[in-house]
Amino acid sequence: MAYLTDPRDLGSLIGEEPTYRADQLHDWLYKTPVLTTAEMTNLPPALRDSLADRLWPFAVEAEQSADGGKTRKWLFRAHDGMAIEAVLMGYHNRTTLCISSQAGCALGCTFCATGQFGFDRHLEAGEIVAQVQYANAWLRSNPMDGSPRRVTNIVFMGMGEPLANYDRVRESIRRMIEHIGMGARSITVSTVGMVPGMRRLADEPWQVGLAVSLHAADDELRSSILPINKRYPLAEVEAAAARYFEAKGRRVSIEWTMLAGVNDTIDQAEKLAPIARRLRAHVNLIAMNPTPLSLDQPSKRAVIEQFAETLEDLGVNVTIRNTRGQEIDAACGQLRVRAATPTQS
Ligand code: SAH
Ligand code: SF4
């Protein structure tokens, strides 16, 4: 697969062609991506043909759009049958792509659809980068009204725990920065609190953003919704986040999915506030998307607003995140559900 090949090894794909063909191919893959090899106009037809089936490491199984065309979800199918999903969201001044780092997830957070279906396998670096370049190739021929015509921001908030697939995720970030030319600051890794991975990422040379999915501000509650908390308890997660901030000079953000009667209480807001203040973190409150197998329910809007006000009164920066793509199940924690339950319409 072209995308599964390290960019440094593209020479192995060009056969007997002169070496400058590898540079041309590199540009088609990383600089001006196209949906089909037929569009690689400066390559000889025979070479284009030989690469045609190997351009993408997956087939596009389904494409859906929502929010008046401002949100687009792709369900890709890897050659071994694994589902890989990515969601593109166009805004006024940025185009954000939410990508997957694993097929499934082993961490089993109670409210997350991905976690409920278990872990299948890690995605390869090329499979992660191909999600980005597919979206870039698509945007070049399908501009989203008023949004930039390339992916400007990446969030690792699709399926999987990126820091549980550290080396491949790292390599994908390297390719995004060094080959696609993205700024490290426009890439955000979201983690449920895999402390060793947070420490390693802090030591990388890039100012990648870090979002910590906290969701609960004491160990008892956190362990009951995020089983990984038993291994990496809250104090260790906070220490790793503080270290990240020190190493990068870049504030982390705290993600908090609002679960009715579970973590949306004033008590939790009051426990979260000092953590957020110590980290100088921005808190994003996310409305929970109901998933078929979860007993958790979304908090009422008024409760979310009150939680946000309590945090604000305690000196915390907080945003209630707008959800996108709900009617196509493109929102957080929804990916994979349709793929796993194909009988649903
Ligand atoms: N594994 C990583 C990244 C993928 S999940 C992590 O957990 O951070 C991305 C975000 O979606 C996380 O903040 C996660 O808590 C949130 N999420 C998961 N299921 C959700 C749901 N049903 N509704 C709303 N947000 C959800
Ligand atoms: Fe995995 Fe993140 Fe879902 Fe938890 S919320 S099960 S870590 S993908």
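The values are calculated or read from the model by the stated rules, or taken from the named source; none is laboratory data. Here the structure is a predicted model, which means the values were calculated and not measured. Glycine gets a Cβ as well: all are built from the backbone with ideal geometry, and neighbour counts include every protein chain shown. Heavy atoms of the whole protein, side chains included, go into the accessibility calculation; ligands, DNA and RNA do not. Shrake-Rupley method; radii C 1.70, N 1.55, O 1.52, S 1.80 Å.
Points to keep in mind about this one:
- Under the condition of being within 25 Å of PRO233 (Cβ to Cβ) and not small (Gly, Ala, Ser), the residues counted in segment 171-201 number 11.
- Across segment 145-160, the qualifying residues are those that are outside any strand (DSSP E or B) and open to solvent by less than 10 Å² (accessible area, probe 1.4 Å), and the one among them that is nearest to ligand 1 (Cβ to nearest atom) is MET159.
- Residue pairs whose Cβ atoms lie under 6 Å apart, separated by 6 or more positions or on different chains, with the first residue in segment 58-84 and in the same structural domain as PRO143 (by TED's automatic domain parsing) and more than 22 Å from GLN102 (Cβ to Cβ) and the second open to solvent by 50 Å² or more (accessible area, probe 1.4 Å) and of a type in the set (Asp, Glu), are ALA66/GLU327.
- Of all residues making up segment 172-186, the number that are of a type in the set (D, E, K, R) and surrounded by fewer than 16 Cβ atoms within 10 Å (Cβ to Cβ): 2
- Single unsatisfied condition, ARG222 versus (1) basic (Lys, Arg); (2) within 14 Å of ligand 1 (Cβ to nearest atom); (3) within 27 Å of ALA83 (Cα to Cα): (3)
- Among residues of segment 149-161 that are more than 14 Å from GLU255 (Cα to Cα) and within 12 Å of ligand 2 (Cβ to nearest atom), those with a beta-carbon under 6 Å from a residue that is open to solvent by 10 Å² or more (accessible area, probe 1.4 Å) and among the charged types (D, E, K, R) at least six positions away or on a different chain give the pairs MET159/ARG336.
- A single member of PRO44, PRO57 is open to solvent by less than 50 Å² (accessible area, probe 1.4 Å), under 25 Å from the mean Cα position of the chain (by Cα) and not hydrophobic (A, V, I, L, M, F, W, C), and it is PRO57.
- Criterion (within 16 Å of ligand 2 (Cβ to nearest atom) and surrounded by fewer than 22 Cβ atoms within 10 Å (Cβ to Cβ)) met by exactly one of GLN131, GLN116, GLN102: GLN116
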